[in-house]
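Values quoted throughout were computed directly from the atomic coordinates according to the rules given, and no laboratory measurement underlies them. This structure is a prediction, so every number in the text was calculated from the model and none was measured. Cβ placement follows ideal geometry from the backbone for every residue including glycine, while neighbour counts extend to all protein chains displayed.
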Amino acid sequence: MSLPLSHPALLAADPELASLVGSEELLQSETLRLIPSENYVSAAVLEASGTVLQNKYSEGYAGRRYYEGQQVIDQVETLAINRAKAVFGAEHANVQPYSGSPANLAVYLAFARPGDTVMGMSLPMGGHLTHGWGVSATGTWFRGVQYGVRQDTGVIDFDQVRGLARKERPKLIFCGGTAVPRTIDFAAFAEIAREVDAVLVADIAHIAGLIAGGAHPSPVPYADVISTTTHKTLRGPRGAMLMSRETHAKAIDKAVFPGLQGGPHNQTTAAIAVALHEAAQPAFRDYARAVVANAKALAGELLARGFDLVSGGTDNHLILMDLTPKEVPGKVAAKALDQAGIVVNYNTVPYDPRKPFDPSGIRIGTPSLTSRGLTTEHMPAVADWIDRGVTAAKSGDEGALTKIRAEVSELMAAYPAPGLPTG
Ligand SMILES: Cc1ncc(COP(=O)(O)O)c(C=O)c1O
């Protein structure tokens, strides 16, 4: 496959970098991208993120900036905020956080003090680093206590969450995560948070697009604060947002700026606004539903091929596979699948006896392939490729991986990705 050269100004000014961008475009075009935190943004989102809004400094908030010349930027940011509030039904939105991790750090800054106890799902059980895990600043400057999932079911044990919350009385409770294949019960978390007087933070980074599209329940009635990245299922630029009830608006805004950040990335704010506009269209509801339908179909096909899925399947866009029964370490499988043109990430599974850098599982998801238009009809083929790839990883059969790569590339050529040049 080859793609036409795009970005003429870049090509003229810096052919070396232009060629790297071209190579990445080709890679994204001809591979089957199954990393659940990735997606393809639309051409409109890409364009917005490459505009002259990039040139403007605008510390502060609309109508209260520390730099002049904000006649347009104020409108851009206000548009993004209003769209976020409308799409999610939130009372307040801050669209300035640079990414998901700084967004979460701003929540700590707003509601806790160094040394305070905070509670989140442990990283190896599916939580995110920024939910109080030891190696993160959030687990170093705060006292992180962690809940997990039950070993027999792979789902959250609310008796454990409640017991831990009563014992530790955390200031913050995070729900949501980075490898959670099941619906998050925001109401159950809210009940526990209320009982111990904690601020409930719903980190919906992974599922924001599903929530916007009505394919996952919303945390808005339950959570005090909602944190999300904008670049996963929401299909926006790399960025983040914080949403909350009006009562917490001041604390959140103050924590983001001047507490943690300087000037917002206005080109990203613009692209977030575009993504939110797209997420408000009826077609996005179809997309969100299709992401889940594809994930459920793929999970069914993998189970039929003897794969062990954490929690036995999925309710959302994400599947976590324990490859122990296949006798292939996650990293070996991920590297082999990459060679076969199938991009996944190796991942710990709950109660993993192996180390995080060499864990037992792989994590896959359907946001990207659904953006290309693949449907449940394609999932048997996808499962077959994964099955053959994992088998080849075990036997070291390079020829089998090359053959899969050709098959993957052929299918992908028939389903051009949004935002990429077509060859
Ligand atoms: C649940 C969750 N929160 C926060 C983040 C952090 O986002 P970022 O990588 O943009 O800092 C991630 C990223 O994967 C995530 O999955």
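Structure notes:
- DSSP beta bridge pairing in the chain, given as percent antiparallel to the nearest 5: 55 percent
- If the segment from Glu327 to Ala283 were pulled out straight at 0.36 nm per residue, it would be longer than the present Cα-Cα gap by 11.7 nm.
- Placing unit charges on each Cβ (+1 for Lys and Arg, -1 for Asp and Glu) gives the chain a dipole about its Cα centre, and among Leu200, Thr370, Gly396 the Cα reaching farthest toward its positive end belongs to Leu200.
- Antiparallel bridge percentage (DSSP; both residues within segment 48-279; nearest 5): 45 percent
- Spin-label model, Thr402/Ser2: points 7 Å from Cα along the beta carbon direction are separated by 2.2 nm.
- Selection from Thr229, Ala112, Gly259 lying farthest towards where the dipole of segment 48-279 points positive, charges on Cβ: Gly259
- Farthest positive-ward along the chain dipole, Cα basis, beta-carbon charges - from Ile173, Gln339, Ala280: Ile173
- Span from the segment 283-335 Cα centroid across to the segment 5-45 one, whole angstrom: 27 Å
- Kyte-Doolittle mean at least -0.5, axial Cα span of 20 Å or more - DSSP H helices of the chain: 15-30, 73-88, 282-304, 379-395, 398-413
- Top of His128, His206, His277 by mean-square fluctuation, Gaussian network on the chain, Cα under 10 Å: His277
- Global form of segment 290-414, assessed from the alpha-carbon gyration tensor, a/c cut-off 1.5: oblate
- Note on segment 182-235 and segment 339-400: Cα centroid distance 27 Å, given to the nearest whole angstrom.
- Out-of-range pairs (alpha-carbon distance over 31 Å; input Lys331/Lys403; Lys296/Lys326; Lys326/Lys403; Lys56/Lys335; Lys296/Lys331): Lys56/Lys335
- Placing R0 at 22 angstrom, the Cβ-Cβ distance between Arg169 and Glu191 gives a FRET efficiency of 0.90 after rounding to 0.05.
- Label-point separation in nm, Tyr67 to Thr51, each point 7 Å along Cα→Cβ: 1.6 nm
- Approximate spin-label separation Leu17-Ala86, in nm, with each point projected 7 Å along Cα-to-Cβ: 3.5 nm
- Residues of type lysines that Lys85 reaches as a straight line, Cα spacing below 17 Å, ignoring anything fewer than 8 places off in the same chain: Lys250
- Taking each residue as 0.36 nm, the span from Leu26 to Thr183 lengthens on full extension beyond its C-alpha to C-alpha distance by 53.1 nm.
- On the basis of the beta-carbon distance and an R0 of 60 Å, Lys250 and Ala414 show a calculated FRET efficiency of 0.70.
- Modelled FRET efficiency - R0 25 Å, Ser395 with Tyr351, Cβ distances, 0.05 increments: 0.35
- Using only side-chain charges placed at the Cβ, +1 for Lys and Arg and -1 for Asp and Glu, the dipole size of the chain relative to its Cα centre rounds to 800 debye.
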